[in-house]
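Here the structure comes first, spelled out in structure tokens, and everything after it is commentary.
The values are calculated or read from the model by the stated rules, or taken from the named source; none is laboratory data. This one's a predicted model, so the numbers in the text were calculated from it and none came from an experiment. Cβ placement follows ideal geometry from the backbone for every residue including glycine, while neighbour counts extend to all protein chains displayed. With ligands, DNA and RNA removed, areas are computed over all heavy atoms of the protein, side chains included. Shrake-Rupley method; radii C 1.70, N 1.55, O 1.52, S 1.80 Å.
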Amino acid sequence: MSTLLIAVASFFGFILAYHTYGRWLAKKVFSLDGEALVPAEEMRDDVDYVPTKKEIIFGHHFTSIAGTGPIVGPAIAVFWGWLPALLWVIFGSIFVGAVHDMGSLVVSLRNRGQTIGEVAGRLINPRAKVLFLLILFFALTIVLAIFGLVIAIIFKLYPQSVLSVWIEIPLAVAIGYWVYRRGGGLLVPSLLALAVMYGAIYVGAYYLPLSLPVNPADAVVIWTLVLFVYCFFASVLPVWTLLQPRDYINSHELVVALGLLMLGLVVAGWSNTADIFSAPAYNYDTPADTPPIWPMLFITIACGAVSGFHCLVASGTTSKQIANEKDAQYVGYGAMLLEGGLAVIVILACCAGVGMGQLQGVGTTHLREYAVDAAGAPVVGHAAWLAYYPNTRTTVNATTGETTVQKGWASQKLPYMLAAFIDGGANFLTALRIPIDFGVGIIAVLVASFAATTLDTATRLQRYVVQELAETLHIRPLTNKYAATAFALVLAGALAAMPASKGGDWGTGGLILWPLFGATNQLLAGLAFMVIVFYLWRRSKPVLFAVIPMLLMLLTPVWAMLWQMFNADSGWLPTGKYLLFSFGVLLLALQIWMVVEAVLIWPKAAGVLEEALPPLPPKKEGKKIPATT
């Protein structure tokens, strides 16, 4: 019952915030105007700029910002206990993350759909633009390498998910053609496509699990490279051919999966088979190598409360498709609250879901997992989740019988955190009498689909960043969208495919820079807040509501980065991780430089509008696809 009450209270808080704080931002601060000319109309090219119904663009925006961030982050963060994670997700989403996303979207909408980095050049100064774009380029390179790895890991560990994820692509292309070229409806075809996907999950779970006939480590490399080839085509095609219809299908998939999870939570919570209070609210018994809860909790949860990556989606793709400026509250503020709701479900699934269903191992075809407490007694519950028993994780290779033991914080690895939600969520579904194998397939496809959406959206965003940098630095070949996309993917693919350490497995290279992602992502949010604050400051609008989260997002990640770089036990410098240390120094230097530029211009910017955008050249009239508005 406690689990159910927490879920209901959390979602009630999100709904209340949308209709109060979100409405205040929309009306009193940003003054959203339904009659304003939006970039989707002013710059319409039917490739990147396409006016779109708010329900459709909501699906694209949400699935792009969600990815695995609100899944992996909270799954790791409850290592410190479920209560700190839950509080930061709820209040962070309402007062920080949703404000950041909506503000980034509005600023871009009023600057012809330019990315937040490009807008910084006019709101602050041209040097700030270059600095911001460099930080964006670095952050997106990490995102591409990591999300490619995440999906490859899911394909390797959960082969029942492969068929459904790939069958969605031709379905989405067919729907895009049907809607935009033939003028057909969207809802019914997308629901039919969703039914086909769930049928494919059933087939994959019981009849046709698709796994590559190679070494598991090689399978990760192959899947990663295949995904990057797909991303090249997905990111250069017009948004209506694949991105929009696929994300609309994914939004339905999300509604169904979250609905099943919530219903399972209700049934399990009502019958007291799921009790979050069985896990510690605050974990006092963390191992010696555990990072401090402050500031590491905040950069660990990331997308579940606030994420700098969201400003890239909001200003990179979403602002180019919004058909009405008033939709910015629904899409920008609302999608972040829904992501906070997803993070709440993850916390409950990881905590209250422990021990509810059949034991599920990580990669059951390759490994058998079990946990023991401090006394050496076996821990009952699904084996992927050990946040409450962090003393020891023992892995037994089912083929060789070789045993590996990891202790403390070091035992928290990406595959286990993915499995924490997938297996824990599937355990919730067993309360609805959904077989565990089918339930695992449903949640695995949900996570993989989210990650795939983020992956190809990030590729499109990186193309914009590379082109903007190329234009600024006069590197003409990279101003071409195909060359810019290829450059971005080759760089990220090389990073993802290489081994993370000497003698390690190929296909783990994305993990080299993974420790940088949390702090870099949150620093990016702080810099986006800075641009939002300058936008409002120049218009004599209230800024305190944005200044406070800006300072939080600038100072907390710096503190976290410094701890990662210099702490005596595992710091990058003391342990000889000089590559990570060097990148950390570079990122901090870029951020400090940009903050200094902002501080110097701040007194001169009050009430002074930035330079206006140059007039557009006359548009060539051509055949337009039907709008979805």
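Residues K54, K28, K129, ordered by accessible area of protein heavy atoms at a 1.4 angstrom probe radius and largest first, appear as K28, K54, K129.
In this structure, the residue pairs whose Cα-Cα separation is over 23 Å, taken from K129/K604; K129/K320; K320/K604; K326/K604; K27/K541, are K320/K604; K326/K604.
Taking all protein chains as they are arranged and a probe of 1.4 Å, the heavy atoms of D569 leave approximately 130 Å² accessible to solvent. The separation of segment 163-208 from segment 1-71, counted between C-alpha centres, amounts to 25 Å. Electrostatic tally near G59: other residues with Cβ closer than 14 Å to its Cβ, Lys and Arg +1, Asp and Glu -1, net -3.
The Cα atoms of segment 100-141 give a gyration tensor whose axes a ≥ b ≥ c have a/c of 1.5 or more with a/b no greater than b/c, which makes the shape oblate. Between T472 and E41, full extension at 0.36 nm per residue minus the direct alpha carbon distance yields a gain of 152.6 nm. For L187, the solvent-accessible surface with a 1.4 Å probe is about 90 Å², rounded to the nearest 10. In terms of modelled amide H atoms, which long-range or inter-chain residues lie less than 5 Å from the amide H of N125? Close amide H contacts, sequence-distant or interchain: none at all. Using every pair of separate Cα atoms, the Kirkwood estimate puts the hydrodynamic radius of segment 137-278 at 17.2 angstrom.
With the whole protein complex present, W593 retains an accessible surface near 130 Å², based on a 1.4 Å probe.
Using the Cβ-Cβ distance between D218 and K604 with R0 set to 60 Å, the FRET efficiency works out to roughly 0.55. Other residues whose C-beta falls under 12 angstrom from the C-beta of A448 contribute a net charge of -1, scoring Lys and Arg +1 and Asp and Glu -1.
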